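Report on the following structure.
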Amino acid sequence: MASKGKISRKELVHEPDEFMVLTGRVVTFLRTYQQQMIYAVLGIFLILGTAAIVRFVSNSNEEKASRMWAQVKAGYQAALQENSAEGVGKARAAVDADYLTLIDEYGGKQAGKLARLNYAQLCLTAGKAEAALPHFQASVKALGDDPAWRTVILSGLAHALAQTGDYGQAAERFEAIVSGGESKLKAEALFQLGWLYEKTGDSAKGSKAYKRLVADYPDSSYAELVRDRIARKKMEG
């Protein structure tokens, strides 16, 4: 076990840190039935696979990048606690320059690539979708071929696109998640597809997405939202 105050390589590289785990899943811009929009970004799954990360920590620059990322994330956590009343936006702003420096200096290293994805998600969580968008797009190129990260990146990119008003491109990314392999984000992707298709006037596709969600993921919170929506419509009609 590492001594108090000292960050071990295992803590930096092997273990998912508290922030990365607690960001859980993304739930953004849910539309209520009275035309209101709820943006509740709780993050996306950033599951750090031990074997996938260890193999990249093979030189001094990767080690430096890993340590720097750990320090920047610690700074974000401290800023988040200090600015809890203002929320994640102010906390993100407090470490903005540090993240950009890390990405600029070590963007080609695995820790730098993951830091960029981490930063993109922080921007999205803070309501800065336009700032998040180029970093998600860069993450697609840097990590998109890795099955462990592809769905995570596509989900973040889809949400950023939707929040900037590019509904067509957002739907394409959510469709890619749904048509891909096994993923914990499929239920959420189907829910967002239903919303996006209805938003753009394609109620038939929207209904199809909702029905598939309820059929394939009946125990998910998203299926419960759809069932509640159907019940409300029946009461109103």
Practice item. Determine which member of the set Gln163, Gln169 is without any contact (Cβ under 8 Å) to a residue 40 or more places away in the chain and farther than 16 Å from Tyr222 by Cβ. Key: Gln169
Review point. Can you spot a residue in segment 177-189 that is surrounded by fewer than 18 Cβ atoms within 10 Å (Cβ to Cβ) and not in a loop (DSSP other than H, G, I, E, B)?
Key: yes
Review point. So which residues in segment 205-224 are of a type in the set (A, V, I, L, M) and open to solvent by 60 Å² or more (accessible area, probe 1.4 Å), if there are any at all?
Key: Ala215
Exercise for review: Search segment 92-117 for residues that are among the charged types (D, E, K, R) and pair each with any residue that is not in a helix (DSSP H, G or I) when their beta-carbon atoms are under 8 Å apart and the residues are at least 6 apart or on different chains.
Suggested key: Arg92/Ala126; Arg92/Lys128; Lys109/Phe56; Lys113/Gly107; Arg116/Gly107
Revision key, fill the gap. Output for Cβ contacts, cut-off 7 Å, separation at least six or different chains, first residue touching a residue at least 40 places away in the same chain (Cβ under 8 Å) in segment 136-150, second part of a loop (DSSP other than H, G, I, E, B), reads Ala148/Gly49
Study note, to complete from the structure: Across segment 71-109, the tally of residues that are over 20 Å from Ala132 (Cα atoms) and open to solvent by less than 50 Å² (accessible area, probe 1.4 Å) stands at 1
Revision key, fill the gap. Quick count over segment 133-171, residues being closer than 22 Å to Phe191 by Cα and crowded, with 17+ Cβ neighbours inside 10 Å, is 19
Check your understanding: Given the structure, is Ala231 among the hydrophobic types (A, V, I, L, M, F, W, C) and open to solvent by 40 Å² or more (accessible area, probe 1.4 Å)?
Key -> yes
Exercise for review: Would you be able to tell me the number of residues in segment 122-132 that are open to solvent by less than 10 Å² (accessible area, probe 1.4 Å) and out of contact with any helix residue (DSSP H, G or I) (no Cβ under 6 Å at 6 or more places or on another chain)?
Suggested key: 0
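The values are calculated or read from the model by the stated rules, or taken from the named source; none is laboratory data. Computed from a predicted structure; not experimentally measured. Positions of Cβ are backbone-derived with ideal geometry, glycine not excepted, and every protein chain shown enters the neighbour counts. Ligands, DNA and RNA are stripped out before the accessible areas are found, and what is left, the full protein with its side chains, is counted by its heavy atoms. Shrake-Rupley method; radii C 1.70, N 1.55, O 1.52, S 1.80 Å.
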